Amino acid sequence: MAADGDEAKPWWSTAVFYQVYPRSFADSSGDGVGDLGGVAARLDHLAHLGVDGIWLNPVTVSPMADHGYDVSDPRDVDTLFGGMAALERLIAAAHRRGIKIIMDVVPNHTSSAHPWFQAALAAGPGSIDRDRYFFRDGRGPGGVRPPNNWESVFGGPAWTRVTDPNGTPGQWYLHLFDTEQPDLNWDNPDVFDDFEKTLRFWLERGVDGFRIDVAHGMAKPPGLPDTSDVAEVLRHTDDDPRFNHPNVHAIHRDIRTVIDEYPAAVTVGEVWVHDNARWAQYLRPDELHLGFNFRLARTDFDAAEIHTAVQNSLQAAAMANAAPTWTLANHDVGREVTRYGGGTTGLHRARAMAMLMLALPGAVFLYNGEELGLPDVDLPDEVLQDPTWERSGRTERGRDRCRVPMPWSGTTPPFGFSSCADTWLPMPPEWAELTVEKQLEDAGSTLAFSGVRSNYAGSVGNSTETKSGG
């Protein structure tokens, strides 16, 4: 938990957050998919770890084309996860334990099943409904080519052509991710007005803040110009016109105006921007409170590289006088045990990096299963669910490898995760050695090692000194 002596600082500035990927954490309904009842039932595990808050990946209503990041109703909870009552019970139970809850919100796009998008399809070109998204005429004779050359982050074109109500080929719509995730046009005032309603809806129901998905997105360049670079799947650069447009900062200032009416609330942004100065702009006093800096999560286990990543991250936060934010893995980034070499070597290196991260100043985000030393899982083709797999022409296997459900107890799958053996992603039999139950019995386990941040916090200030040793 937050270190002693931090009373004058906001709670979130030194907090340890635990990321819960709901469908992979714990299943209370027996359908093989994790849910909010499962999270509530396992809160004592999080209290044992000593975390200050939970980052809850999307649980709002969704067709689940991208596992909740395609939202069709941002102000209700999907029945897959137990519905609104289940979230209300979780918030109350977490608060009784002194654990705060921040929710994922997705402002860059909606689901194609969202009522707005369905109205846009029905309304036709030039309509008010279509102005909430990016509908454009195609290029070439008959508009047969996309409006520009942008690629989807998941692979393939970022444009899909629709069929007009009269049955003829029509305009194209922009989707920087899956075809079922059309991008919103933040120049349309309806978009912010609705997002403000969403923020207030959840804050007034006890949510303590938000993780903002694709926080460097939302604003698009006028005219949607072609890009000169071919983007890699799941990658982009700082100069990519699809992201990091200067107008995004006005959006964040508007969001912050709302958040500041709820003084203890926090926002943390997913900011895939590499240049320190440009990244720091998102952390100015009237924008985000915290911003993910992914340098450590993208760094090999190399002393010089780690030192550079830490110093760069500290310098970037200092530019905005903001609290640094640290993470080694999440639902989009492969698990560190595997990244650091796998097996015993990877596990020992992951423990060393956890010790380093927990000793650094600022906020820390742990990904569920990190405390167990879980590795990535090589999954067979037929079980892959990440839309990246299909959109890349089955050349990129996607992120399912780091989303396999948590093993809790027992000696065979599903290891107490569910009463259903057919879990949404299969669990490897060798995880019998990695269950929470097994590790609680072993004083030398990764779980025993993880523990409370107070073991490390306070050992450094706002800077670090690296020493070489034998």
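Full extension of the chain between Gln315 and Met84 yields a length gain of 79.0 nm, computed as 0.36 nm times the residue separation minus the alpha carbon distance. Can you give me the angle between helix 248-259 and the longest principal axis of the chain, using Cα atoms only, in degrees from 0 to 90, rounded to the nearest 10? Approximately 60 degrees, to the nearest 10.
The Cα center of region 46-76 and the Cα center of region 172-200 differ in position by 18 Å. Taking amide H atoms as placed 1.01 Å from N in the peptide plane, the amide H of Phe210 lies under 5 Å from those of Met103, Val266, Thr267, Val268, each 5 or more residues away in sequence or on another chain. Working note: 222 nm ellipticity from helices only, DSSP H runs with n ≥ 4, each -39,500 (n - 2.57), summed and divided by the residues of the chain, gives -7500 deg cm²/dmol to the nearest 500. Think of the chain as a dipole: +1 on every Lys or Arg Cβ, -1 on every Asp or Glu Cβ, centred on the Cα centre; then among Phe301, Ala318, Val77, Ala318 lies furthest on the positive end.
How much net charge surrounds Gly37 when only other residues with a Cβ under 15 Å from its Cβ are counted (Lys, Arg +1; Asp, Glu -1)? The answer is -3. For region 115-174, the dipole from Cβ point charges (+1 on Lys and Arg, -1 on Asp and Glu) about the Cα centre works out to 100 debye, to the nearest 20. Overall shape of region 86-194 was characterised from the C-alpha gyration tensor. The equivalent ellipsoid obtained from it has semi-axes of 35, 16, 12 Å, in decreasing order.
For the chain, the number of Lys pairs with C-alpha atoms closer than 30 Å, counting only pairs eight or more positions apart or on separate chains, is 6.
Which FRET efficiency value, to the nearest 0.05, do you get for Ala421 and His95 by plugging their Cβ-Cβ distance into 1/(1 + (r/R0)^6) with R0 = 51 Å? After rounding to 0.05, the efficiency reads 0.90. Can you grab the distance from the C-alpha centre of region 121-148 to the C-alpha centre of region 81-106, Å, no decimals? Using only Cα atoms to place each centre, the spacing works out to 40 Å. Taking the Kirkwood radius as Rh and the Cα radius of gyration as Rg, region 377-446 has a ratio of Rg/Rh equal to 1.07.
Ratio of alpha-carbon Rg to the 2.2 N^0.38 Å globular estimate for region 283-326, to two decimals, please. Working it through for region 283-326, the quotient is 1.20. For region 115-174, what log10 I(q)/I(0) values come out of the Debye formula at q = 0.18, 0.19, 0.21 1/Å, with one point per alpha carbon and no solvent? Log10 I(q)/I(0), no solvent term: -0.61, -0.68, -0.81. Between helix 343-359 and the chain, what is the angle of the helix's C-alpha long axis to the longest principal axis, kept within 0 to 90° and rounded to the nearest 10? So the helix axis and the longest Cα principal axis differ by about 90 degrees.
Distance in nm between label sites at Arg139 and Arg205, each 7 Å beyond Cα in the beta-carbon direction? Taking the simple label geometry, Arg139 and Arg205 are separated by 4.4 nm.
Remark on Ile54: its backbone amide H falls under 5 Å from those of Tyr18, Lys100, Ile101, Ile102, a criterion applied only to residues 5 or more positions apart or on other chains, H modelled at 1.01 Å from N. On C-alpha positions alone, give me the angle between the axis of helix 189-203 and the longest principal axis of the chain, in degrees, nearest 10. Relative to the chain, helix 189-203 is tipped by roughly 30 degrees.
Highest-first packing order for the peptide set 186-198, 276-288, 17-29 is 17-29, 276-288, 186-198, based on the mean count of other beta carbon atoms within 10 Å. Extension gain, Leu440-Gln118: 0.36 nm per intervening residue step, less the Cα-Cα distance, totals 110.9 nm.
For the pair Ala303 and Asn166, a Förster radius of 45 Å applied to the C-beta separation gives a FRET efficiency near 0.10, rounded to the nearest 0.05.
The alpha-carbon atoms of region 141-200, seen along their principal axes, cover 45, 30, 18 angstrom, with the largest extent given first. Note on region 1-138: along the principal axes its Cα atoms extend 58, 41, 23 Å, ordered by decreasing extent.
Read-outs throughout are calculated quantities, based only on the coordinates presented, and are distinct from any laboratory measurement. Remember, it's a predicted structure, so these values are computed and weren't measured experimentally. Using ideal geometry, Cβ is built from the backbone for each residue, glycine included, and neighbour counts are taken over all protein chains shown.
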